[in-house]
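Where a number appears in this text, it was derived from the coordinates with a stated rule and is not lab data. What you see is a predicted model; the values in this text were computed from it and never measured. FYI the Cβ positions are ideal-geometry reconstructions off the backbone, even for glycines, and counts take in every protein chain you see.
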Amino acid sequence: MKLGAYTACLHDQPLPEALKILKDMGLTSAEINAGGFDPAPHLPIADLLASDAARQEYLAQFDQAGITLTGLNVNGNPLNPDPEVGPKHAQDLRQAITLAGLLGSAASSPCPGCRPRIRAAGPRRGWSTPGTASSSTRWTTSGARW
């Protein structure tokens, strides 16, 4: 079993220091933010997409630290109907999927369909939150992006 952490909590540290902190805590893997709601300070996305040498140097940092890169995380909402949010998060996710394939890792988006500004009386249920547009309306509106 591998135990790791999502490095967004170490956003103020450079990647080598973040990996050292994880290793010193006894962790063996890291999930790196690749966009969405949070920036990607540990992932030079454009450089890594453009250069095999950059990807090899990037992965070498993990090897040197004794940490496995377990995934890229786009903690965003690619289905958000807000034209300032959804399309950017969707692009971040597409880039993360492409980059994850090039790095031999995984990519995820943990919030597809979630509406982050909804204040519901009960628990949030992304596609069925009371007081929001119906599931079919949301699907029709945001499905065109994909």
LYS88: which aspartates and glutamates have alpha carbons under 20 Å from its alpha carbon, excluding same-chain residues fewer than 8 sequence positions away? ASP38, ASP47
Within the range 13-44, the residues whose backbone N lies under 13 Å from a label point placed 7 Å from the Cα of LYS2 along the Cα-to-Cβ direction are 27-32
Chain lengthening between ILE21 and PHE37 when straightened (0.36 nm per residue, less Cα-Cα): 3.4 nm
Excluding LEU10 itself, what net charge comes from residues whose Cβ is under 14 Å from its Cβ, given Lys and Arg +1 and Asp and Glu -1? -3
Eligible lysines near LYS2 by straight Cα distance, threshold 27 Å, same-chain separation 8 or greater: LYS20, LYS23
Take peptides 67-77, 28-38 and line them up by average Cβ neighbours within 10 Å, highest first, as a rough protection proxy. 67-77, 28-38
